[in-house]
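Report on the structure given below.
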Amino acid sequence: MQFAKPLPSYLVQRYQGWKATAYAENRSWYRRLATEGQRPRAMVISCCDSRVHVTSIFGADQGEFFIHRNIANLVPPYEPDGDHHGTSATIEYAVTVLKVSHLMVLGHSQCGGVQGCIDMCKGHAPELEEKESFVGRWMDILRPKFDLVADISDEGEQARAFERQSVLASLANLMTFPFVSEAVDNGALSLHGLWTDIGEGGLEYYDPKSGNFVKV
Ligand SMILES: [Zn+2]
């Protein structure tokens, strides 16, 4: 493993700063988390995008959120085929072992993954069509939903609408997991669809009554 390098110095400095301040001031809390284990009440599935700061926008501390991030906050359908399924594994663990009460899917504005899917659907991204493109094949999860936004002429508006569709597609796919639908049906788990506007700091939730996303 000669290719692995030591941590860059700017990160070493930041870590040491954290250890001397945030950690030092809450040492007993960290020790308690270590000995008692995690009991998060909520799972969050968000995009990997570095601008989406899941714990900051909810003021969440260590131990509160079980977080999974992937490109475009997508949940694949339930496929128990013995293959590698990272997202499905996190959902299984959160719901069946940690027994979280809430599962939030958090989409966001200016999502590069969703934009890539739009480009692919419009025939502008041949590189994503390649069988070898992990991003392209991952975005295939969302691709069938493009029909729902295909008629929106304004490109920004279309992208925002498709970002919200990525949240809804994930919620629908979550219910194809038997342990998720069972927990939802017996009231142990509630699912939530969210979308955040990066530039405005906005947050919207999916309202099942109106079928729209509503500002928080
Ligand atoms: Zn994104």
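Quick look at the numbers
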{"read-out": "Hits in segment 66-82 - residues which are more than 10 Å from the ligand (Cβ to nearest atom), closer than 22 Å to VAL114 by Cβ and open to solvent by less than 60 Å² (accessible area, probe 1.4 Å)", "value": "HIS68, VAL75, PRO76, PRO77"}
{"read-out": "Selected residue (only one of ARG39, ARG31, ARG27, ARG51 is within 30 Å of GLY199 (Cβ to Cβ) and open to solvent by 60 Å² or more (accessible area, probe 1.4 Å))", "value": "ARG51"}
{"read-out": "Members of segment 170-198 found to be assigned to a helix (DSSP H, G or I) and open to solvent by 10 Å² or more (accessible area, probe 1.4 Å), listed by number", "value": "LEU171, ALA172, ASN173, PRO178, PHE179, SER181, GLU182, ALA183, VAL184, ASP185"}
{"read-out": "Output for segment 151-169, where each listed residue is more than 12 Å from the ligand (Cβ to nearest atom) and either part of a helix (DSSP H, G or I) or among the aromatic types (Phe, Trp, Tyr) (or both)", "value": "GLU155, GLY156, GLU157, GLN158, ARG160, ALA161, ARG164, GLN165, LEU168, ALA169"}
{"read-out": "Residue list for segment 110-145, filter: within 26 Å of ASN212 (Cα to Cα), away from the ligand (no atom under 16 Å from the Cβ) and of a type in the set (Lys, Arg)", "value": "LYS122"}
{"read-out": "Condition check for GLY113: touching a residue at least 60 places away in the same chain (Cβ under 8 Å), open to solvent by less than 30 Å² (accessible area, probe 1.4 Å) and assigned to a helix (DSSP H, G or I)", "value": "yes"}
{"read-out": "From LEU148, LEU103, residue being away from the ligand (no atom under 16 Å from the Cβ), over 23 Å from VAL52 (Cα atoms), among the hydrophobic types (A, V, I, L, M, F, W, C) and at pLDDT 95 or above", "value": "LEU148"}
{"read-out": "Of all residues making up segment 202-216, the number that are touching a residue at least 40 places away in the same chain (Cβ under 8 Å) and assigned to a loop (DSSP other than H, G, I, E, B)", "value": "0"}
{"read-out": "The one condition in (1) part of a helix (DSSP H, G or I); (2) within 14 Å of the ligand (Cβ to nearest atom); (3) not aliphatic (A, V, I, L, M) that THR96 fails to fulfil", "value": "(2)"}
{"read-out": "Number of positions in segment 116-150 that are over 16 Å from VAL75 (Cβ atoms) and open to solvent by 70 Å² or more (accessible area, probe 1.4 Å)", "value": "11"}
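The values are calculated or read from the model by the stated rules, or taken from the named source; none is laboratory data. This one's a predicted model, so the numbers in the text were calculated from it and none came from an experiment. Neighbour counts are summed over all protein chains in view; Cβ atoms, including those assigned to glycine, are modelled from backbone coordinates with ideal geometry. All accessible areas refer to the heavy atoms of the entire protein, side chains included, with ligands and DNA or RNA removed. Shrake-Rupley method; radii C 1.70, N 1.55, O 1.52, S 1.80 Å.
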